[in-house]
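What follows is one structure encoded as structure tokens, with my remarks underneath.
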Amino acid sequence: MFKRFRRRFEYLTSIISALGIYNSAKLAWRYKFSPIRHLTIGISGSCNLKCIYCPRLTSTDKPANMSLDSLVCIENVLQRVFLVSISSRDETLIHPKFVEILERVSAYGCLISFHTNGMALTENISKKLIENKAAWMGISIDGATATTHDSLRIGADFNLIIKNIKTLQAMKKEYKSRLPILQLNFVAMKSNFHELPDYVDLAYGLGIKAIKVNGLAPHSEEMVSEVLYRPEMRVETKKYFELAEEKATRHGLSLKLLSLTPQEPHCYPGPQIRPDGLVCPCFALAYDYPIYLSVKNGVIEEGKKTMQKKVIGDISKDPLEKILKRDEFIEFKNKILSGEFPPECDNCLVKYGIIC
């Protein structure tokens, strides 16, 4: 709990420092009075990579890109929301209208964050991110070397991504901006966990001060053997986690690691709008996909299960505020916050801390 609070505090103070007192005061007012503090909008329905562990490879649930009309449907909410994440499981930056969406959301005065694989992080997009004061960007890199990273994220170019990050960092200095704040995201698995200590050095060399190490959710039977939180992998994995923590401490970096054992279930659900306008209570229940590991009574179990999306509304048919006030969503959220998880969450790994 303390670590989570500290990370949030460090994140918010860095944003406040970068935005200045006046803009931060306006955001503080939003944080206190907004009916929705955090809203995730999945704008893209496609990706430029084929990562070996991606649920897209085993799912038929693939909506098209979000239209600008869908954004207009929620503009009343965007004028009051504190933080908007324009991300989904797909690649945000390849949406053909990404820059226009960024500018529109920025004009509403909320904080903006998103995730990317970094391949489409062009100089023009970097400039637009700085001009529109995008607050935070997570960049997914799954190795400290090109050989490892490019073998896991099929179609990726490690060296191009590093070049793109360096260009963005240089432009931030040129424009005297500390935004967007960058974080590296690392999906840890058997094929790459040994590179994690060097990965910390990589982040430090790029001027990135935060790393998030995520667990692998196996969406195919073949990926089960790559999972690090299986009992037979925990001892060896812990050694490399400790080495990475030592380096992170030495460099003054924030390093968030997945838990190698299932924790007491907990979750903080936040609404997600899919590219097709469907509204779901959280990202884990935003798509249909198979999962080949589950947790029962604190024990990891193998076997195919299915996560099915839970739809609570459609912004093309009803106002978002009305959707989020429905008894179904409120009851669902309250159950999770009280620790009484509904049946839809039975196969979710996120609530155990092994996927973060």
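The values are calculated or read from the model by the stated rules, or taken from the named source; none is laboratory data. Since this is a predicted model, take the numbers as computed values, not measurements. Note that we place each Cβ from the backbone using ideal geometry, even for glycine, and neighbour counts take in every protein chain shown. For the accessible areas, the whole protein counts, side chains as well, though only heavy atoms, and no ligand, DNA or RNA atoms are used. Shrake-Rupley method; radii C 1.70, N 1.55, O 1.52, S 1.80 Å.
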Item to check | Interchain or long-range residues, amide H under 5 Å from ALA210's placed H | outcome: LEU184, SER254
Checklist entry - In segment 68-133, carbon and sulfur make up what percent of the accessible area (probe 1.4 Å)? => result 46 percent
Item to check | Partners for LYS173 among aspartates and glutamates (Cα-Cα distance below 19 Å; same-chain residues under 8 apart left out) | outcome: GLU123, GLU131
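Going down the table (LYS256/LYS296; LYS62/LYS317; LYS304/LYS351), which pairs top 22 Å between alpha carbons?
LYS256/LYS296
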Checklist entry - Applying the Karplus parametrisation 6.51 cos²θ - 1.76 cosθ + 1.60 with θ = phi - 60° to the phi angles of segment 218-232, what ³J(HN,Hα) value in whole Hz is obtained for each residue in order, glycine and proline being reported as x? => result x, 9, 8, 4, 5, 7, 4, 5, 8, 6, 8, 8, 5, x, 6
Item to check | Whole-Å distance, taken between Cα centres, linking segment 30-103 and segment 106-153 | outcome: 14 Å
Checklist entry - Given 0.36 nm per residue, what is the gain on full extension from VAL224 to ARG104 after removing their alpha carbon distance, in nm? => result 39.1 nm
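Would you calculate, for the chain, the mean residue ellipticity at 222 nm contributed by helices, counting each DSSP H stretch of 4 or more residues as -39,500 (n - 2.57) and dividing by all residues, to the nearest 500? Please report the intermediate quantities before stating the final value.
Working: 12 runs with 128 residues, N = 356.
Taking each H run of at least 4 residues, the total per residue is -11000 deg cm²/dmol.
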Item to check | Rg over Rh, two decimals, segment 205-284 (C-alpha only, Kirkwood Rh) | outcome: 1.06
Next on the checklist: Quick query: amide H of ASP314 versus all other amide H atoms, modeled in the peptide plane; which residues come in under 5 Å with a sequence gap of 5 or more or a different chain?
Outcome noted: VAL279
Checklist entry - Once label points are set 7 Å from the Cα along Cα→Cβ at both GLN79 and ALA64, what is their separation, rounded to one decimal in nm? => result 3.0 nm
Item to check | Calculated from backbone phi, Karplus (6.51, -1.76, 1.60) coupling profile of segment 161-167 in Hz, x at Gly/Pro | outcome: 4, 4, 4, 5, 5, 4, 5
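Leaving ligands, DNA and RNA out of it, rank LYS335, LYS304, LYS62 by accessible area with a 1.4 Å probe, largest first. The partial results should precede the final answer.
Values: LYS335 75, LYS304 130, LYS62 105 Å².
Ranked list, largest accessible area first: LYS304, LYS62, LYS335.
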Next on the checklist: Below 8 Å, C-alpha to C-alpha, sequence gap of six or more: please give me the relative contact order for segment 70-179 in percent.
Outcome noted: 24 percent
Checklist outcome for this item: Checked segment 301-356 against the a/c 1.5 cut and the a/b vs b/c comparison, axes a ≥ b ≥ c from its Cα gyration tensor; verdict prolate
Checklist entry - Within segment 154-192, which trypsin sites (Lys or Arg not before Pro) sit in a loop by DSSP and count at most 11 neighbouring Cβ atoms inside 10 Å? => result LYS176
Checklist entry - With every protein chain left in place, what is the accessible area of TYR204 in Å² (1.4 Å probe, nearest 10)? => result 120 Å²
Item to check | Overall form of segment 261-339 per C-alpha gyration tensor (a/c, 1.5; a/b vs b/c) | outcome: oblate
Checklist entry - Could you give me the ³J(HN,Hα) list for segment 126-135, computed from phi with Karplus coefficients 6.51, -1.76, 1.60 and θ = phi - 60°, whole Hz, x at Gly and Pro? => result 4, 4, 5, 4, 5, 4, 9, 6, 4, 7
Checklist outcome for this item: A correct Kirkwood calculation over the Cα atoms of the chain returns a hydrodynamic radius in Å of 21.0 Å
Checklist outcome for this item: Mean accessible area per residue over the chain (1.4 angstrom probe, all protein chains present, square angstrom) is 47 Å²
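Carbon-plus-sulfur fraction of the accessible area of segment 189-302, 1.4 Å probe, in percent?
On the way: 2490 of 5030 Å².
Whole-percent figure for carbon plus sulfur exposure: 49.
Note the full-extension length gain between ASN297 and HIS266 as 0.36 nm times their separation in residues minus their Cα-Cα distance, in nm to one decimal. If you can, show how the numbers build up before the last one.
Numbers: separation 31, 0.36 × 31 = 11.16 nm, distance 1.43 nm.
So the chain would gain 9.7 nm between ASN297 and HIS266.
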Checklist outcome for this item: Place a point 7 Å from the Cα of ASP201 in the direction of its beta carbon; the residues of segment 233-265 whose amide N falls under 17 Å from it are 240-253
Item to check | Amide H within-cut-off set for CYS51, under 5 Å, with H built and near neighbours excluded | outcome: ILE154
